[in-house]
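Chemist: Encoded as structure tokens, here's the structure I'll be asking about.
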Amino acid sequence: MLRTWQQGCIKQAVEKYKSGSKHFLVQATPGAGKTVMAAYVSKQLLDENMIDLIMCFSPSVNVANGFTVTFSRILQCPFNGTLGSLGTSLTYQAIQYLDKQFWETISRHRVLIIFDEVHHCSGETLAEANAWGEQVILKVQKAATFTLALTGTPWRTDSLPISLSSYSDPEGKIICDYQYTLKQAISEKVCRKPKLVLVDNEQLQFTSPEQSKSYSSIQALIKDQKVSYSSILQDKEALTHILKLSVDKLYSIRETSNNAAGLIVAASVSHAKQIQTILHEQLKQRSVMVSYHDPDAQSIIEQFKNSHSPWIISIGMISEGTDIPRLQVCCHLSNVRTELYFRQVLGRILRRTDSTNQEAWLYTFAEENLMKFAEEIEQDIPESCLYVKQLDANEEELVQPHQNGLLLPLSTIGTHGEIHWNSDKGELIGNHDKQLQKSFTLGYFRQRVIEAFIGI
């Protein structure tokens, strides 16, 4: 049975297409059911003889496979691009391998093209488009009779415009045809209400040959440029503490919902191995690890989704679109500290199930950016996430996206070692000085819990 918001969105989309408009943009909070809604839009357009075929594009193989399964079930026919099927689901990367003859063939039919997590595609013109946005502008947009764009986080870290989107002038706010907020989803019991735990430490001691200095918080230590955030993430004592908090919380949830699971987002493969060792040896927890350069990554995720295993450790995977509803605890230990990524990670634990316990807990360290993101979680589109038409000369430039499509501001890289892309290892790693990593000792831990949407 369709949810109320899905019914309303489907009605508005079909009405807009019938009025002569070609494009429809939906912003719905992660976990709300955008894929199902899109499938029913497709079904209604087919039933009313407005389209012949459907093509879906998404940022990863795992998400593309999810579209295939959902559309096959709802349309009650194959959805794999073979003869007799009504369409196919592909990744954005695949667009470049579809030749001119393919697009000429598609253009002879009435096609609905669906863009999942469309914020990965940037550019209103070729001059400002990224690789995926360029393909949308040059190939996909021209072939489509109608387009349906979906996103849970309708902005980009680089403040460039999202392809196929309109913005208010001069505010730079994205104009959505339909919006379904996290507040609405929680009040209608579509999504879980999140609690965010910011783990801090007081009485930290930094020691060097020149000086010895005390700090009252992790942020104070980092701000003084004595230690990088990477150093905190890789400190065994800090890791053990935050992992134990997460393990204890999952244990309490599993007392009533015995199949609940936890996600740990690691900074690199070596970091994930360090985390896995602590889980196994000190906390006696079973876990599986999945990385974007595992050839069988999709199989690992699918097996975990359908298993009883308590923990999965992710490196560059399960950040958006991946549907594992039994995830209820998340430990955010990534070096990537952008609001886009933070919300995508949080979205993995928001999807409700029929389980007795519907708690959702996210644990992370009390770093300045992460604290700000946690405090703004009730704003579906924060004021800081606007389309900036032209950056001032003194604005930060951005590095190119790595293979997962994440854009990393230079402010997260810096001379004090936050992160860099290691092409040999194929991972984001800290480049902090090893001597600095050993130069601080931790005092007492404390934590702050942000409980959003208290009135709901």
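Read-outs: derived from the displayed coordinates by stated rules, not from any lab. As the structure is a prediction and not an experimental result, all values here were calculated from the model. As a convention, Cβ positions derive from the backbone with ideal geometry for all residues, glycine included, and neighbour counts pool all protein chains shown.
Chemist: In percent, what relative contact order does the chain have, based on Cα pairs under 8 Å that are 6 or more apart in sequence?
Modeler: On the way: 839 pairs, mean separation 86.1, N = 456.
Here the relative contact order equals 19 percent.
Chemist: Okay, moving on. Nothing charged except the Cβ atoms of Lys and Arg (+1) and of Asp and Glu (-1): what's the magnitude of the dipole of segment 4-180 about its Cα centre? Round to the nearest 20 debye.
Modeler: Working: 14 positive and 15 negative charges, 88 e Å.
Dipole size: approximately 420 debye.
Chemist: Please give me, ordered by residue number, the trypsin sites (Lys or Arg not before Pro) of segment 261-291 that lie in loop per DSSP and have at most 12 other Cβ atoms within 10 Å. Intermediate values should be presented prior to the final figure.
Modeler: Details: sites: Lys273, Lys284, Arg286; in loops: Lys284, Arg286.
Here the trypsin sites (Lys or Arg not before Pro) that fit, given the DSSP loop and packing criteria, are Lys284, Arg286.
Chemist: Which value in deg cm²/dmol, rounded to the nearest 500, describes the helix-derived mean residue ellipticity at 222 nm for the chain, given -39,500 (n - 2.57) per DSSP H run of n ≥ 4 and division by the residue count?
Modeler: Working: 14 runs with 135 residues, N = 456.
It lands at -8500 deg cm²/dmol.
Chemist: For Ser212 and Glu128, what does the FRET efficiency come to when R0 = 35 Å and r is the distance between their Cβ atoms, rounded to the nearest 0.05?
Modeler: Numbers: r = 50 Å, r/R0 = 1.42.
After rounding to 0.05, the efficiency reads 0.10.
Chemist: Which FRET efficiency, nearest 0.05, do Gln282 and Val61 yield, Cβ-Cβ r, R0 25 Å?
Modeler: On the way: r = 34 Å, r/R0 = 1.37.
Using R0 = 25 Å, I get an efficiency of 0.15.
Chemist: Still on this structure: Restricting everything to alpha-carbon atoms, can you work out Rg to Rh for segment 100-151 with a Kirkwood hydrodynamic radius?
Modeler: Working: Rg = 11.2 Å, Rh = 11.4 Å.
Result for segment 100-151 is an Rg/Rh of 0.98.
Chemist: Which FRET efficiency value, to the nearest 0.05, is calculated for Met1 and Asn49 with the Förster distance at 25 angstrom and r the Cβ-Cβ distance?
Modeler: Working: r = 25 Å, r/R0 = 1.02.
Result of the calculation: an efficiency of 0.50.
Chemist: Hey, another quick one. Classify segment 1-140 as rounded, prolate or oblate, taking a ≥ b ≥ c as the square roots of the eigenvalues of its Cα gyration tensor: rounded when a/c is under 1.5, otherwise prolate if a/b is larger than b/c and oblate if not.
Modeler: On the way: a/c = 1.39, a/b = 1.23, b/c = 1.13.
Rounded.
Chemist: Quick check on my link table: of Lys18/Lys100; Lys16/Lys43; Lys11/Lys43; Lys249/Lys284, which ones sit more than 19 Å apart, alpha carbon to alpha carbon?
Modeler: Distance filter (> 19 Å) returns Lys18/Lys100.
Chemist: Compute the label zone of Ser21 within segment 116-131: residues whose backbone N is under 15 Å from the point 7 Å along Cα-to-Cβ.
Modeler: none
Chemist: With a cut-off of at most 14 other beta carbons within 10 Å, and DSSP calling the residue loop, which trypsin sites (Lys or Arg not before Pro) in segment 17-60 qualify? Please list them. Please report the intermediate quantities before stating the final value.
Modeler: Working: sites: Lys18, Lys22, Lys34, Lys43; in loops: Lys22.
Passing both the DSSP loop test and the Cβ count: Lys22.
Chemist: For a quick check of your reading of the filter: which GluC sites (Glu not before Pro) in segment 171-230 sit in a DSSP loop and have no more than 13 other Cβ atoms within 10 Å?
Modeler: Numbers: sites: Glu171, Glu188, Glu202, Glu210; in loops: Glu171, Glu188, Glu210.
When the GluC sites (Glu not before Pro) of segment 171-230 are filtered for loop state and at most 13 Cβ neighbours within 10 Å, Glu171, Glu210 remain.
Chemist: Here is a further query. For segment 271-286, what does the Karplus curve 6.51 cos²θ - 1.76 cosθ + 1.60, with θ = phi - 60°, yield as ³J(HN,Hα) per residue in whole Hz, taken in order and with x for Gly and Pro?
Modeler: 5, 4, 5, 4, 4, 5, 5, 5, 4, 6, 7, 9, 9, 6, 10, 7
Chemist: Right, here's the next one. Compute, for the chain, the length of the dipole vector about the Cα centre, with Cβ point charges of +1 (Lys, Arg) and -1 (Asp, Glu) only. Units Debye, rounded to 20. It would help to have the intermediate numbers written out before the result.
Modeler: Numbers: 44 positive and 49 negative charges, 268 e Å.
It works out to roughly 1280 debye.
Chemist: With everything on Cα atoms, drop me the angle between helix 61-75 and the longest principal axis of the chain, reported from 0 to 90° to the nearest 10.
Modeler: For 61-75 against the chain, the angle is about 40 degrees.
Chemist: For Cα Rg over 2.2 N^0.38 Å, one of [x] 2.32; [y] 1.00; [z] 0.92 was computed from the structure I shared and the rest are decoys. Which label?
Modeler: Checked against the structure: label [y].
Chemist: Listed highest first by mean packing, meaning other Cβ atoms within 10 Å per residue, what order do 6-14, 110-118 come in?
Modeler: Working: 6-14: 18.6, 110-118: 24.1.
Result, highest mean first: 110-118, 6-14.
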